[in-house]
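**Q** Before we start, here is the structure in question, set down as structure tokens.
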Amino acid sequence: MIPIWRKGQMSFEQLICKAADVIKGTKKLVAFSGAGMSAESGIPTFRDPGGLWDRFDPEEIGTGPGLLNALMRIPDKIRALINETLTTFAAAKPNPGHHALFTLETMGILRSVITQNVDNLHGEAGNTRVIEVHGNLYRYRCLSCGRKNTFPRTEIFAHVRKALDSITHFNLTSVMSLLPQCSCGGRMRPDVVMFGEAVQSLPEAFKEAESCEVMLVLGTSGVVFPAAALPERAKSAGATVIEINPGLSSYRSISDLHIQSKTGEALPLIVQRIQHA
Ligand code: OAD
């Protein structure tokens, strides 16, 4: 594969201009985002220092059985983690990167966002076509009847916070009170994908990847499959791949353009450039 321009020879400003030039000429732009996209909203990534998988073994709490086991072995750590997660997510708001993607949609350029994030921030920024391959933290699924229900985030935070504060002995039984009740009487769990569970909306995500002209790969390390295969799929179907990531990822070799920057910094600059071209 021959890159459409030579990497490593452009200044930051030139990279922004080049990305803007490529993006403004298409109506088939798809964004693929990961945890780095929400880092500037205050939500830590998974694998950077201090992230969830830097502090815990994914086997330990990233699977259903692992989490149940951890609740019995290290209940205090799990309680502290839930507390911390509640505080972090309750404070999180879309950042300039999310807002820039919404602007690209309103300009008729961005067709969809495929995200691995469960934080709902693309939707909150206003994007209307968001494919959430790892689920959504505010959508719950009944463990008995399978019904799904999306709750307003304030309602969920208030429910979980109240239930958590009222638990004196944090264990497998008491933790069930954190889960809202379905109208059928069953308990509902967050409709997010844990390791070993099926990824959501995958055929739709691959269809978007295969039919886009330009894919923005934003703040993802690209190590969790099958979602991680989406940029390669876009690339092999002929798309130009533009990556924005200040750190490491597995996409360096397939990206036509790599902007070593935070998404909250680079995306607004690209949008400004398109608007004033
Ligand atoms: P990772 O934590 O693996 O990767 C985060 C990426 O974001 C890294 O490449 C960082 O360099 C980059 N990054 C950090 N700050 C950034 C910023 N301000 N702007 C742009 N990029 C930044 O997170 P994901 O790739 O999303 O899966 O992880 C993929 C999946 O692994 C997650 O969806 C989750 C996790 O286990 C499930 O929960 C199933």
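**Q** Out of LEU179, LEU248, report the one residue that is surrounded by 18 or more Cβ atoms within 10 Å (Cβ to Cβ) and either within 30 Å of LEU81 (Cβ to Cβ) or without any contact (Cβ under 8 Å) to a residue 12 or more places away in the chain (or both).
**A** On inspection, the qualifying residue turns out to be LEU179.
**Q** Under 7 Å by Cβ, and 6 or more places apart or on different chains, what pairs join a residue from the stretch 15-41 that is closer than 13 Å to LEU267 by Cα and modelled with pLDDT of 95 or more with one that is of a type in the set (Lys, Arg) and within 12 Å of the ligand (Cβ to nearest atom)?
**A** The qualifying pairs are GLU40/LYS262.
**Q** Provide a single number: the residues in the stretch 89-121 that are of a type outside the set (A, V, I, L, M), within 13 Å of the ligand (Cβ to nearest atom) and within 15 Å of ALA205 (Cα to Cα).
**A** So the count comes out to 3.
**Q** May I ask you to list pairs of residues, at least six apart or on different chains, whose Cβ atoms are under 6 Å apart, with the first in the stretch 194-215 being closer than 21 Å to TYR251 by Cα and the second being in a loop (DSSP other than H, G, I, E, B) and of a type in the set (Val, Ile, Thr)?
**A** VAL199/VAL133; VAL199/VAL193; ALA205/VAL133; GLU213/THR26; VAL214/THR26
**Q** Moving on. Can you give me the number of residues within the stretch 228-240 that are surrounded by fewer than 22 Cβ atoms within 10 Å (Cβ to Cβ) and within 16 Å of the ligand (Cβ to nearest atom)?
**A** The number of residues fulfilling the criteria is 3.
**Q** If you don't mind, another one. Out of curiosity, is ASP48 within 10 Å of the ligand (Cβ to nearest atom) and outside any helix (DSSP H, G or I)?
**A** So ASP48 fits the description; yes.
**Q** Within the stretch 75-94, identify whether any single residue is surrounded by fewer than 19 Cβ atoms within 10 Å (Cβ to Cβ), more than 30 Å from ILE270 (Cα to Cα) and of a type in the set (Asp, Glu), and answer yes or no.
**A** Yes, the conditions are met somewhere in the stretch 75-94.
**Q** Quick check, is ASP54 among the charged types (D, E, K, R), assigned to a helix (DSSP H, G or I), within 14 Å of the ligand (Cβ to nearest atom) and under 21 Å from the mean Cα position of the chain (by Cα)?
**A** The answer is yes for ASP54.
**Q** Oh, and also: Which of the residues belonging to the stretch 198-227 are acidic (Asp, Glu) and exposed (fewer than 15 other Cβ atoms within 10 Å of the Cβ)?
**A** If the condition is that a residue be acidic (Asp, Glu) and exposed (fewer than 15 other Cβ atoms within 10 Å of the Cβ), then GLU204 is the only one that fits.
Condition check ((1) closer than 19 Å to GLY36 by Cα; (2) within 16 Å of the ligand (Cβ to nearest atom)) across all residues:
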site	(1), (2)
CYS182	no, no
ARG189	no, yes
GLN200	no, yes
THR220	yes, yes
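**Q** Can I ask one more? Give the residues of the stretch 218-245 that are among the aliphatic types (A, V, I, L, M) and in contact (Cβ under 8 Å) with a residue 24 or more places away in the chain, sorted by residue number.
**A** LEU218, VAL223, VAL224, ALA227, LEU230, ALA234, ALA237, ALA239, VAL241, ILE242, ILE244
**Q** Checking ARG273 against (1) under 21 Å from the mean Cα position of the chain (by Cα); (2) surrounded by fewer than 21 Cβ atoms within 10 Å (Cβ to Cβ); (3) in contact (Cβ under 8 Å) with a residue 12 or more places away in the chain, which test does it fail?
**A** If we test ARG273 against (1) under 21 Å from the mean Cα position of the chain (by Cα); (2) surrounded by fewer than 21 Cβ atoms within 10 Å (Cβ to Cβ); (3) in contact (Cβ under 8 Å) with a residue 12 or more places away in the chain, just (1) comes out false.
**Q** Let me ask something additional. Being part of a loop (DSSP other than H, G, I, E, B), under 25 Å from LYS28 (Cβ atoms) and near the ligand (Cβ under 9 Å from one of its atoms): is that true of SER249 here?
**A** Yes: the conditions hold for SER249.
**Q** For the stretch 218-277, name all the residues that are closer than 17 Å to ALA19 by Cα and of a type in the set (Val, Ile, Thr).
**A** THR240, VAL241, ILE242, ILE244, ILE254, ILE259, THR263, ILE270, VAL271, ILE274
The values are calculated or read from the model by the stated rules, or taken from the named source; none is laboratory data. Fair warning: this is a prediction, and the values are worked out from it, not measured in the lab. All Cβ positions, glycine included, derive from the backbone under ideal geometry; neighbour counts span all protein chains shown.
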